Amino acid sequence: MKIICVGRNYADHAKELGNDIPDEPVIFMKPKSALLQSHTPFYYPEFSNELHYECELVLRVCKNGKYIQERHASNYYNGITVGIDFTARDIQDELKKKGLPWEKAKAFDNSAAVGKFIDVTPAMNRKNIGFTFYKNKELVQTGNSGNMIFSIDALIANISNYFSLNIGDLIFTGTPAGVGECVVGDILEAFLEKDNLLTVEVK
Ligand code: ZN
């Protein structure tokens, strides 16, 4: 399996990091070794002094496909949850300045925390899925799929032009504004609507 991630998919977050609004989805990848399940401790990476959380909606791919049309995209995922795209912001800033790839800042071990999946039902309005993120019980991020620059189905279509989607792949769909630092001892909790699907302690 692979983990496909989308950057700058919410205008308010692109702005807070001083990035332009993209004309096309910004895509990067994390390897399988980046996966961290809920209630598994996350160890602060030794190479960073500025670790950020980015809470995101995460999709689970349920069908193999390539060149998927947007109107068929909803057949290709059947699970949704919240996840944390852990980012070594200090390393990413350095890499960005030099025009180098982001992997060291974004794709390190356990950098893709993924909550418990819930089934995507036909009744679910994909354009109105709310999520929230708490650091030490304080609300720090609020997102809604309706505010995405590229909708879930548009992302599936775009990604599949470049990368075949395979059953079990995960897609991190980008983070809204409110990203920030986390430190050892922090308790991070992510909610899809009212359900707490992910809890991570930073050790
Ligand atoms: Zn992200």
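A few remarks follow.
- A straight Cα-to-Cα reach below 17 Å connects K63 with the aspartates and glutamates D119, D153, D169, residues fewer than 8 places away in its own chain not being considered.
- Alpha-carbon Rg with Dmax, taken over region 94-165, Å: 16.0, 46
- Residue-by-residue Karplus 3J(HN,Hα) for region 87-104, coefficients 6.51, -1.76, 1.60, Hz, glycine and proline x: 9, 7, 4, 4, 5, 4, 4, 4, 5, 4, 4, 8, x, 9, x, 8, 3, 4
- Amide H contacts for Q141 (H built 1.01 Å from N in the peptide plane; partners 5 or more residues away or on another chain; cut-off under 5 Å): F133.
- The H on the amide N of M29, modeled in the peptide plane, is under 5 Å from the matching H of C5, each at least 5 residues off or on a different chain.
- Averaged over residues, the count of other Cβ atoms within 10 Å places the peptides 33-39, 131-137, 121-127 in the sequence 131-137, 33-39, 121-127, highest first.
- Alpha carbon centroid spacing (whole Å) that separates region 159-203 from region 13-79: 7
- Database remark: amide H of A113 closer than 5 angstrom to the amide H of L36, I84, F86 (H placed geometrically; neighbours at sequence offset of 5 or more, or on other chains; Pro and chain starts carry no H).
- Restricting region 31-102 to chymotrypsin sites (Phe, Trp or Tyr not before Pro) in coil, as DSSP defines it, with at most 14 other Cβ within 10 Å: Y43, F47, Y67
- Stokes-Einstein diffusion coefficient of region 40-90, Kirkwood radius over Cα pairs, 37 °C, 0.692 mPa s, in µm²/s: 241
- Only Lys, Arg, Asp and Glu carry charge here, each on its Cβ (+1 for the first two, -1 for the last two); on that basis region 13-66 has a dipole of about 520 debye about its Cα centre.
- Considering only the chain, percent of DSSP beta bridges that pair antiparallel, nearest 5: 85
- Region 32-76: trypsin sites (Lys or Arg not before Pro) in DSSP loop, at most 13 other beta carbons within 10 Å: K63, K66
- Listed values for region 125-142 are Karplus-derived 3J(HN,Hα) couplings in whole Hz (6.51 cos²θ - 1.76 cosθ + 1.60, θ = phi - 60°), namely 7, 5, 9, 8, 10, x, 8, 9, 9, 10, 10, 6, 6, 9, 5, 10, 9, 10, and x replaces Gly and Pro.
- Cross-link table K104/K127; K66/K98; K98/K137; K32/K98; K106/K135, entries beyond 31 Å C-alpha to C-alpha: K104/K127; K66/K98; K98/K137
- Karplus-derived 3J(HN,Hα), 6.51/-1.76/1.60, for each residue of region 172-181, Hz, glycine and proline x: 8, 9, x, 10, x, 5, x, 4, x, 7
- Dipole size of the chain about its Cα centre, with +1 on Lys/Arg Cβ and -1 on Asp/Glu Cβ: approximately 580 debye, rounded to the nearest 20.
- Equivalent ellipsoid semi-axes - Cα gyration tensor, the chain, angstrom: 24, 19, 16
- Dividing the summed helix terms, -39500 (n - 2.57) for each DSSP H run of n ≥ 4, by the number of residues in the chain produces a 222 nm estimate of -4000 deg cm²/dmol to the nearest 500.
- Measuring nothing but how far apart in sequence close Cα pairs (under 8 Å, 6+ apart) lie, relative to its length, the chain scores a relative contact order of 35 percent.
- Global form of region 1-98, assessed from the alpha-carbon gyration tensor, a/c cut-off 1.5: oblate
- The GluC sites (Glu not before Pro) of region 20-67 meeting both criteria, a DSSP state outside H, G, I, E and B (loop) and at most 11 other C-beta atoms within 10 angstrom of the site's C-beta, are E46.
Laboratory data are not the source of any read-out in this text; all were calculated from the coordinates shown. The shown structure was predicted, so the numbers you read here are calculated from the model rather than taken from an experiment. Cβ sites come from the backbone with ideal geometry, for glycine too, and all protein chains shown count toward neighbours.
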